[in-house]
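Take a look at the structure set out below.
The values are calculated or read from the model by the stated rules, or taken from the named source; none is laboratory data. If you're wondering where the values come from, they're calculated on a predicted model, not measured in any experiment. Positions of Cβ are backbone-derived with ideal geometry, glycine not excepted, and every protein chain shown enters the neighbour counts. Just the protein is used for accessible areas: all its heavy atoms, side chains included, with ligands, DNA and RNA removed. Shrake-Rupley method; radii C 1.70, N 1.55, O 1.52, S 1.80 Å.
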Amino acid sequence: MKLNLKIWRQKNSSSPGKMVDYKVDGIDKDMSFLEMIDVLNQQLIDGGEEPVAFDHDCREGICGMCSMYINGQPHGPWEKTTTCQLHMRAFNEGDTVYIEPWRAKSFPIIKDLVVDRTAFDRIQQAGGYISVNTGNAVDANSIPIEKELADQAMDAATCIGCGACVAACKNSSAMLFVSAKVSHLALLPQGQPERKDRVLNMMNKMDEEGFGACSNTEACEAACPKGISVFNIARVNREFISSSAFVKKKDS
Amino acid sequence: MRWLTSFLTSSAGRKVLMSLTGLFLCSFLIAHMSGNLSLLLSDGGQAFNEYAKFMTTFPLIKVLSIGTYVVIILHIVQGILLALKNRNSRPDKYVSKASGKGSTWASRNMALLGIIILVFLIIHLKSFWYQVKFGHIPTVNYGGGEIKDLYTIVVTAFKNPLYVGFYLVSLAALAFHLVHGFQSAFQSLGIRHTKYTPIIKFAGYAFAILVPLGFAIQPLYILMFK
Ligand code: HEM
Ligand code: FES
């Protein structure tokens, strides 16, 4: 299969970038999207050109590194799929494919398709943890947890922090990510001691990092490779409102 | 009180403000629309003029109307500030057109719809509120003393097809603003559950269709039958 690619090329974070046209041939429909880029890069290297820089790690849909905005959609046209799991059978002979990096003030471009997503790490560090004592591992299932709650917590925990929610949102809002991380711990007994501080600190950090506010368009849910539900956003709003009003702090 | 200022300046707190002011404005719309229905009576405008007199002089209503001004200004200022902040969060736009998958057109264009409503509000207040307050308008006497004849002003305005057309466009913008806004307000407040969210969404659609329709009847009726 032949394809016309339009790919964002940018030397580094301080130089301007632009879309550059490439042609690739001999693409098999069973290749993954990243393998297609590998083919292009080999072609570029053979021609003495700089290959397209892109992030990837696991290539099995669990690390969240392979950020690419393909034809107006994060991770391309398939539902609940990362770029590495997107296959070329999603495209047809002669298609034009636009490939861009995530675009958000809080995700600065490092080079070509590679963006800096450490803003997510800093949000996570602001409260996305629980305190546990070291020592012997505790017995599994020693704390009874209602099945429904455990399911909801695990659903939230499937977030891989890829940033597709931010990339899809017209406001570059990180609410789906933050809501998944907050929900995951707020629903479980282990998350209770830090529950109120967690949501306040993570939400403050989110604002500090420059992400937009949530307009409830729900484009994030549709773009999420793990299908994280916007019900989590309602939950984080609830947690944030009640924690703002009721958290006990001497100085506030 | 520091918690309150930090809450109200946070992005989620500002959305709480948007949702509470927005829902208050929804209740205002119901009241305003019910009053307007008196325009449809064939009493030469007596009921409408007496209603207008009541609305501009009864003390409790005066307090409520000041409250409404404050709320709408809060909603407008906060809405515009949020829209600017949100635009700023993506200084470099995508080259390819966003698919918009999973989101409605209305939800992506709340600020645009809001600005259409704002333009409407300014013109609307200029033609009626300003006239009653500062303009020279005719008076009528139904036996209880001279009162201002707002009815005649309204009927004159609604006989102009251009004016009515502008009304209908603005009401359509309001309908779309509400189609997204009504249910979105509950989400911003954290009120969502598989049990009752379908009811909220249904109520939102009904509200978004019936209220603008209720406002559209009078200008259309006057334009066509008076
Ligand atoms: C009677 C008139 C109006 C009513 C009933 C109304 C109602 C609402 C409601 C219920 C929401 C949803 C709040 C939420 O998502 O939490 C909303 C959002 C919004 N309104 Fe209004 N509104 C009105 C007029 C306006 C005006 C004049 C503007 C002016 C610019 C405006 C701008 C906005 C914006 C920008 C949002 C979206 C905020 C966001 O989600 O980021 N609205 N409105
Ligand atoms: S490379 Fe790990 S999710 Fe795609």
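Evaluated on the range A:117-251, the Kirkwood hydrodynamic radius is 15.4 Å, with distances taken between all distinct Cα atoms. Accessible surface buried at the A:B interface totals approximately 3600 Å², computed with a 1.4 Å probe on protein heavy atoms.
Interface residues of the range A:148-178, defined as those losing at least 20 Å² of solvent-accessible heavy-atom surface relative to the isolated chain (probe radius 1.4 Å), are listed as A:LYS170, A:ASN171, A:SER172.
Report the calculated FRET efficiency for A:GLU148 and B:TYR163 (r = Cβ-Cβ distance, R0 = 56 Å), to the nearest 0.05. Once the sixth-power term is evaluated, E becomes 0.50.
I need the calculated FRET efficiency for the pair A:ARG59 and A:GLN125, taking r as the beta carbon distance and R₀ as 25 Å, to the nearest 0.05.
It comes to 0.40.
Treating each Cα of the protein assembly as shown as one equal point scatterer and applying the Debye formula with no solvent, the log10 of I(q)/I(0) at q = 0.06, 0.11 Å⁻¹ comes out as -0.37, -0.96. Label positions at B:GLN46 and A:LEU44, each projected 7 Å from the Cα along the C-beta direction, are separated by 8.2 nm.
In plain terms, the chain from B:SER27 to B:LEU210 could stretch by 64.5 nm, reckoned as 0.36 nm per residue minus the Cα-Cα distance.
Compactness of the range A:67-108 is given as radius of gyration and Dmax, 11.1, 36 Å, from Cα positions. Binning all Cα-Cα separations of the range A:74-142 at 10 Å, short to long from zero, yields these whole-percent fractions: 14, 27, 25, 18, 12, 3.
Ignoring any ligand, DNA or RNA, what whole percent of the accessible area of the range B:103-226 comes from carbon and sulfur when the probe is 1.4 angstrom? The nonpolar share, carbon plus sulfur, comes to 75 percent.
Rounded to the nearest Hz, the phi-derived 3J(HN,Hα) couplings of the range A:123-130 under the Karplus curve 6.51 cos²θ - 1.76 cosθ + 1.60 (θ = phi - 60°) are 5, 4, 5, 6, x, x, 8, 10, where x marks glycine and proline. Ligands, DNA and RNA left out, the accessible area of the range A:3-111 computed with a 1.4 Å probe is 47% carbon and sulfur. Over the residues of chain A, the helix contribution to mean residue ellipticity at 222 nm works out to -10000 deg cm²/dmol, using -39500 (n - 2.57) for each DSSP H run of at least 4. Taken residue by residue and averaged, Cβ atoms of other chains lying within 10 Å of the Cβ of A:103-112 number 2.
Given all pairs of different Cα atoms, what value in angstroms does the Kirkwood hydrodynamic radius of the range B:1-70 take?
14.6
Helix A:147-157 against the longest principal axis of chain A: what's the angle in degrees, Cα atoms only, rounded to the nearest 10? Helix A:147-157 and the main axis of chain A meet at about 40 degrees. For the peptide B:9-21, the mean number of other protein chain Cβ atoms found within 10 angstrom of a residue's Cβ is 5.
Sorting the segments B:37-50, B:190-203, A:103-116 by their residues' average number of neighbouring beta-carbon atoms within 10 angstrom, most packed first, yields A:103-116, B:37-50, B:190-203. Estimated translational diffusion coefficient (Stokes-Einstein, Kirkwood radius over Cα pairs, 10 °C, 1.306 mPa s) of the range B:2-225: 81 µm² per second. Lys and Arg at +1, Asp and Glu at -1: add these up for the other residues within a Cβ distance under 11 Å of A:ARG117 and post the number. Spelling it out: positives minus negatives among the neighbours equals -3. Across chain A, Cα-Cα pairs more than 24 Å apart make up 51 percent of the total. Once you have a ≥ b ≥ c as the square roots of the Cα gyration tensor eigenvalues for the range B:34-81, tell me rounded if a/c is under 1.5, and otherwise prolate or oblate according to whether a/b is larger than b/c. Here the range B:34-81 falls in the oblate category.
Summarised as an ellipsoid, the range A:166-231 has semi-axes of 22, 15, 7 Å, derived from the eigenvalues of the Cα gyration tensor scaled by 5 and square-rooted, with the largest first.
Percent of accessible area on the range A:117-251 owned by carbon and sulfur, 1.4 Å probe? About 51 percent, which is the carbon plus sulfur part of the accessible surface. Ligands, DNA and RNA are left out, and with a 1.4 angstrom probe the accessible area of the protein assembly as shown is 50 Å² per residue.
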